[in-house]
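One structure is given below, encoded as structure tokens.
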Amino acid sequence: MESATVGFDQRIAAGVKIEPRDEMPEAYRKTLIRQISQHAHSEIVGQLPEGNWISRAPTLQRKAILLAKVQDEAGHGLYLYCAAETLGVARSELVADLLSGKAKYSSIFNYPTLSWADIGAIGWLVDGAAILNQIPLCRCSYGPYARAMVRICKEESFHQRQGFDILLKLCRGTTAQKDMAQDALNRWWWPSLMMFGPPDEQSSHSAQSMAWKIKLISNDGLRQKFIDQTVPQADFLGLRVPDDHLRWNEETGHYEYGPINWEEFQQVIRGNGPCNRDRLETRRRAHQQGAWVREALDAHAQKQTARG
Amino acid sequence: MLFEVFIRSQHGVAHKHVGSLHAPDAALALDNARDVYTRRNEGTSIWVVPSSAITAGSPDDKQPLFEPAQSKIYRHPGFFPVPPEVKNL
């Protein structure tokens with residue numbers, strides 16, 4: 001067993017991908033199952049805030065685009081559940097853990113979508129943050145996860161651009177429309193920064209995950225990158241980033257930013273965000289209401305098999 | 001029995017279909033696949049799948065299967081014009 005671990009560490013160090021049938025430490029397998037399934041759950045629950053606006057999109061084209069985006073999120077959830085299943089866990093267990101509240105998903109999806117501009121802000125900020133998080137994962141040490149990430153990243157680019165496009169339209173529109181965009185930025189900015197996770201010194205899993213190459217850039221490193229590339233985009237839109245401490249530091253070549261309310265983050269993770277209960281109830285209801293479809297499909301498949 | 005052969009050409013990439021071969025069982029199919037398809041070190045991993053286990057879409061269904069995606073060009077990021085001043089999007 002010891003020699004297997006040595007071989008594993010050498011493979012990781014050499015940048016060789018770990019594949020499902022390779023020997024791997026139990027802790028690596030467990031950590032990956034947790035990480036990939038949380039990621040999958042986030043894609044699935046992430047459909048809900050946006051799904052809220054499908055029926056109220058301002059034009060038929062925007063509606064078709066939003067439908068396509070939400071459909072992509074479902075697909076991303078499926079790629080990721082499959083990647084997790086290569087580690088020997090059953091899909092039904094993962095779904096059960098989500099529905100029971102045992103499993104976590106990204107805290108950002110526990111915030112409400114109050115206006116159409118929120119759909120723009122989610123695409124621009126939330127998907128923008130997700131892309132920064134996911135691009136390094138295309139190089140992570142676990143083959144099936146890395147390959148799922150490649151596919152997802154390609155599709156996310158559409159998501160971010162459609163979000164920016166929504167906000168661009170609103171910001172070039174009436175005062176009321178621009179105010180709506182500003183209000184969305186005000187509400188989504190800080191939760192988006194929290195998406196990268198706690199500060200590095202408080203991040204409990206980081207060191208081991210970085211050694212295993214299933215996390216490649218630190219939380220704070222990614223957060224800084226996000227701020228650096230997003231603030232100029234906000235400037236272009238003519239929107240104000242809601243941070244009084246925000247300022248460009250000529251020497252470091254980075255933006256300085258104000259303190260993040262980590263207490264809020266902890267509260268949302270613990271289930272006390274504005275929509276936690278609603279999101280889980282919606283997922284549970286959907287699962288229950290879909291039960292007859294799954295049963296009918298199984299019955300049909302059995303009948304077909306019996307007929308030969 | 002006919003088997004379809006999939007090879008992972010290098011670490012990190014997915015298995016890719018390379019062809020098929022005959023063998024009496026899966027174990028021999030693996031051995032044969034090694035000899036037929038990886039003589040020049042083309043692979044790091046081999047999968048063999050009985051051809052009969054593959055359900056393929058019918059070429060006649062091509063239109064109903066794939067045509068609906070053609071009109072949904074907004075699924076491609078290039079559909080949304082990005083002003084030249086905006087970077088990293």
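Express in whole angstrom the spacing between the alpha-carbon centres of segment A:220-257 and segment A:167-184.
20 Å
Given a 1.4 angstrom probe, I'd like the percentage of the accessible area of the protein assembly as shown that is carbon and sulfur, rounded to a whole number. Don't skip to the answer; put the middle values down first.
Details: 11480 of 21080 Å².
The nonpolar share, carbon plus sulfur, comes to 54 percent.
Go ahead and run the numbers for FRET between A:L67 and B:V86, Cβ-Cβ distance against an R0 of 30 Å, rounding to 0.05.
Given R0 = 30 Å and the Cβ-Cβ separation, E is 0.75.
Quickly work out the A:R34-to-B:I54 label distance, labels modelled 7 Å from Cα along the C-beta direction, and quote it in nm with one decimal.
Taking the simple label geometry, B:I54 and A:R34 are separated by 4.0 nm.
If I stretch the segment between A:W292 and A:N186 completely, what's the gain in nm (0.36 nm per residue apart, minus their alpha carbon distance), one decimal? Intermediate values should be presented prior to the final figure.
Values: separation 106, 0.36 × 106 = 38.16 nm, distance 4.23 nm.
33.9 nm is the gain from fully extending A:W292 to A:N186.
Let me know the Rg and Dmax you get for segment A:9-79 when you use only its Cα atoms, in Å.
18.3, 55
Which residues make up the longest stretch of chain A clear of GluC sites (Glu not before Pro) that lie in a DSSP loop with no more than 16 other Cβ atoms within 10 Å, not counting the sites?
A:24-249
Once every DSSP H run of n ≥ 4 in chain A is given -39500 (n - 2.57) and the sum is divided by its residues, what mean residue ellipticity at 222 nm do you get, rounded to the nearest 500 deg cm²/dmol?
One gets -21500 deg cm²/dmol as the mean residue ellipticity at 222 nm.
Grab the Cα-Cα distance for A:E264 and A:A299, subtract it from 0.36 nm times how many residues apart they are, and report the gain in nm with one decimal.
Result for the pair: 7.9 nm of gain on full extension.
For segment A:153-308, what percent of Cα pairs sit more than 20 Å apart?
Percent of Cα pairs beyond 20 Å in segment A:153-308: 68.
On average, how many beta carbons from a partner chain sit within 10 Å of the beta carbon of a residue in A:13-25? Each step should come with its number before you reach the end.
Details: counts 0, 1, 2, 4, 6, 2, 6, 0, 1, 1, 0, 0, 0.
Mean inter-chain Cβ contacts per residue within 10 Å come to 2.
Over segment A:216-308, one equal point on each Cα, no solvent: what is log10 I(q)/I(0) by the Debye formula at q = 0.14, 0.25 Å⁻¹?
-0.77, -1.20
Hey, got a sec? Which GluC sites (Glu not before Pro) in segment B:1-87 land in a DSSP loop and have at most 15 other Cβ atoms within 10 Å? Let's see the in-between values first.
Values: sites: B:E4, B:E42, B:E85; in loops: B:E42, B:E85.
Those that pass, being in a loop and sparsely packed, are B:E42, B:E85.
Which of the peptides A:109-121, A:217-229 is most tightly packed, and how do the rest follow, going by the mean number of other Cβ atoms within 10 Å of each residue?
Details: A:109-121: 21.9, A:217-229: 17.9.
Going by the mean number of other Cβ atoms within 10 Å, highest first, we get A:109-121, A:217-229.
Of B:K16/B:K62; A:K154/A:K303; A:K104/A:K215; A:K154/B:K62; A:K225/B:K72; A:K30/A:K69, which pairs sit farther than 29 Å apart, going by alpha carbon to alpha carbon?
As for pairs spanning more than 29 Å Cα to Cα, those are A:K154/A:K303; A:K225/B:K72; A:K30/A:K69.
Provide the buried accessible surface between chains A and B in square angstrom, both chains summed, 1.4 Å probe, rounded to the nearest 100. Could the numbers behind the result be given before it?
Working: alone 15740 and 7230 Å², together 21080 Å².
Its buried surface, counting both partners, is about 1900 Å².
At 1.4 Å probe size, what's the solvent-accessible area of A:V293? Round to the nearest 10 Å².
So the heavy atoms of A:V293 present about 60 Å² to solvent.
Sort all Cα-Cα distances of segment A:195-251 into consecutive 5 angstrom bins from zero, then give the percent of pairs in each bin up to the one containing the longest distance.
Values per bin, smallest distances first: 4, 16, 21, 21, 14, 11, 10, 4, 0.
So which residue, out of B:P64, B:P50, B:P24, gets the largest mean-square fluctuation from a GNM of chain B using Cα contacts under 10 Å as springs?
Evaluated over chain B, the most mobile residue of the options is B:P64.
In segment B:41-89, how does Rg compare with the Kirkwood Rh, expressed as the Rg/Rh ratio over alpha carbon atoms?
Working: Rg = 20.2 Å, Rh = 16.0 Å.
Radius of gyration relative to Kirkwood radius: 1.26.
At each listed q (0.09, 0.10, 0.14 Å⁻¹), what is the log10 of I(q)/I(0) that the Debye formula gives for the protein assembly as shown modelled as equal alpha-carbon point scatterers?
Each listed q maps to, in turn, -0.65, -0.79, -1.38.
Pick from A:R161, A:R284, A:R172 the residue whose mean-square fluctuation is largest in a GNM of chain A, springs joining Cα atoms under 10 Å.
A:R172
Quick one: compute a quarter of the convex hull surface over the Cα atoms of chain B and quote it in nm².
Values: hull surface 38.8 nm².
That works out to 9.7 nm², a quarter of the Cα hull's surface.
The values are calculated or read from the model by the stated rules, or taken from the named source; none is laboratory data. Note that the structure is a prediction, hence the values are computed from the model and not measured. Ideal geometry is used to build each Cβ from the backbone, glycine not excepted, and the neighbour counts take in all protein chains shown. Remember, those area values only see protein heavy atoms, side chains included, never the ligands or the DNA or RNA. Shrake-Rupley method; radii C 1.70, N 1.55, O 1.52, S 1.80 Å.
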